[in-house]
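What follows is one structure encoded as structure tokens, with my remarks underneath.
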Amino acid sequence: MRDLLSGNFARFFVALSTIVMCVHAGCGWAADVPIRFQCGRAGYVTLVVEDKEGNRVKNVAFDHPVEVGENVIHWDGSALSGMAQPGEYHVRGIFHEGITPVLECSFYSGGNPPWPTKDGRGAWLADHTPPAAALFLPHGCGWPIKSAAPVVLMGADSAEAGNALMWLDLDGHKLGGTKIRGWNGAIAMARDDGPQANRDCEAYVVFVKNPSRDFGATDPGALVIYEITKNGPELFNTVKGGVQVHDAKLVALMAVHGDSHILTLNPKDFARYPAVSAVTPEELLASVTKG
């Protein structure tokens, strides 16, 4: 069988031999049971032992190197649970000469052209991480592409080469791309269409601040929220681990649905979000009673 990972891969049953072990009760176990088979080419073999009904008894060898001609692999009689009982067993295996993967193409668009260009339309998204989020912007985006036509903003968690944020037209053509704070892009996005929305903010993007790279192993890390404004990205908030992360998710969902008020027992937790008005149950009850 060819063209598996663009390499050479041969699969066959290895001399489907029958091993007869201690067919008479009480005859005891040998030190090992030799499994002999022929190979027409040098390579690697994986062998399993099965009973007459085809049930797996033992995984004997995995990617074991073999040579041309007769080869022997020894089975000690052990099974997946305990020791195999006296009886008749069959050996089955697969063989390959070594799998060498060859890159044929990107699994998604490589860009047009596939390399970066001065106008920002070349290449594609990130090299380290796959696409993680997408956001429709019906009114276009003033930065960096300066387009009033509807576009789609795509994000990846991080990129060393390429872009972690990328703007596309509705036919999937890249219009521009960038990264935020070095490698970062977005694992989540939202836009605010509510009545109190900041009209200079075209999108909110969230990425993970990597603790091992940015602070050291003892720091819990954080979620960082940036605004994509008409003049470029601006820091909106940094949310450390724990309850604050949960609050940030709630605020992001509210922005998506255009909600401005949240009922909570902890209004101080939401004071950091200017677009959200926190209302306590007491305040809600008082307003209903007055009405």
Query raised in the report: What is the Cα coordinate range of segment 90-197 on the first, second and third principal axes, sorted by size from largest, in whole angstrom?
Result: 73, 34, 29
Report summary line: For L253, the net charge from surrounding residues (Cβ-Cβ under 12 Å; K, R +1; D, E -1) works out to -2
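Each reported figure results from applying straightforward, stated rules to the coordinates on display, with no laboratory input. Keep in mind it's a predicted model, so treat the numbers as computed, not measured. Counting neighbours? That spans all protein chains shown, and the Cβs are built from the backbone with ideal geometry, glycine included.
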